[in-house]
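In what follows, a single structure is set out as structure tokens and then discussed.
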Amino acid sequence: MDTSTEQSAGTGSSGRQIRRRKQWSVQEKLQIVRETLQSGNSVPIIARRHGVNANQIFTWRREYRRGKLLERGAESAGERKAPALLPVQIHVPMKAAPQEARAASASPARPDRVEVEYPSGTRLRI
């Protein structure tokens, strides 16, 4: 499975062949990263086996964990979804109960603050 490209750019003035960096396909990167994530595998050993610098593999692993190393079409397959917005309903009671009226007067509403009270009585102020 060698789908990577390693091209020579010709010869230099000294007659030595100049090589460009190897371009790893996403599939190859994923295969190598997944191999390093298996228990007991050493990144430097796997790096030598594949002919890649160990630091590069650590970068690919970081990208993999952040969800940035994806196979083509993976987004359409549902592997990575965009954040979803949830519907919110605001219920404003017409008449506040006496207990709620006291709580409202104890802490006046501020335009730069949002307060959420959960059924358990816990309050979240943002």
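Every number in this text was worked out from the coordinates using simple rules, so none of it is lab data. Being a predicted model, the structure only gives us computed values, none of them experimental. Positions of Cβ are generated from backbone atoms using ideal geometry, with glycine treated the same way; all protein chains shown enter the neighbour counts.
Of note:
- Near Leu69, the amide H atoms lying under 5 Å from its own belong to Tyr64; only residues 5 or more places off or on other chains count, and H is placed 1.01 Å from N.
- Likely footprinting exposure, Tyr118, Tyr64, fewest C-beta neighbours within 10 Å first: Tyr118, Tyr64
- Between Gln38 and Lys68, the FRET efficiency estimated from the beta carbon spacing at R0 = 25 angstrom works out to 0.75.
- As a length-normalised measure over Cα pairs under 8 Å and 6 or more apart, the relative contact order of the range 8-65 settles at 22 percent.
- Only the Cβ atoms of Lys and Arg (+1) and of Asp and Glu (-1) were treated as charged; on that basis the dipole of the range 8-65 about its Cα centre amounts to roughly 140 debye.
- Amide H to amide H, with H built 1.01 Å from N, Trp24 comes under 5 Å of no residue 5 or more places away or on another chain.
- Pair-distance distribution of the range 8-65: all C-alpha pairs, bin width 5 Å, starting at 0; shares per bin in whole percent are 4, 17, 25, 19, 10, 9, 9, 5, 2, 0.
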